[in-house]
Amino acid sequence: MSDWDWVTISALATAAGTLILALATFAAVRSANRNAATAERAFAAALRPVLVTARVDDPEQRLGFADGRWLRVQGPRAAVETDGDAIYMAIAMRNVGPGLAVLDRWTILDASHGVEPPQDPSTFRRLSRDLYIAQGDVGFWQGAIRDVGDPDHGMVSASIRDLQPLRIDVLYSDHEGGQHTISRFSLAPKEDGHWSAAVVRHWNLDRPDPR
């Protein structure tokens, strides 16, 4: 065998070894990336809040507004009351997710909004204070419309008068400010003046919707 043959064989062996090393490195990096992504998802899942309506046997909650108005809510119920021009609303909620829920914004919709996607969150109303619902605990959402010139005042007033349902979209996150979620709640009026509440759908804003 000539010297040229040995040189060629040596070069090919070196090239093959380099290719095998590159493939092994690529596989290791890809596996590490998958493991990191899995760990990140697991960490996020451990912080994820999920809000639904409270259970029938959950305790009554008494909540106040800045102007001294008080409402009571319990179980899968809401409270919708008027006082002059002001409209006060509240929903009893339970956090069934593993993470703390921090409620931040909300918007109100008429009965025609079933499961269609929510509006741009930047158009939502900001809560005057953050509301917190711990893992496995009960809490509430509250909101008020006090100005008759508010674009939603007439719609809500008509719904109360005509006993028509309302929809409340609540924007919340985990305690680190991530995993933004919008949960839609349906408020249905009863003849006796009470309102029932039910969760309609959840939308994940920071990751692809699985449906």
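Computed from the coordinates by the stated procedures, all read-outs in this text should not be read as laboratory data. Keep in mind it's a predicted model, so treat the numbers as computed, not measured. Backbone-built Cβ (ideal geometry, glycine too); neighbour counts: all protein chains shown.
Side notes on the structure shown:
- Spatial separation of Cα centroids for the stretch 182-206 and the stretch 160-179, in angstrom: 8 Å
- Loop-located trypsin sites (Lys or Arg not before Pro) in the stretch 117-208 (DSSP state not H, G, I, E or B) with no more than 12 neighbouring Cβ atoms inside 10 Å: 190.
- Gain on full stretching of the segment that runs from residue 130 to residue 196 - 0.36 nm per residue minus C-alpha separation: 21.4 nm
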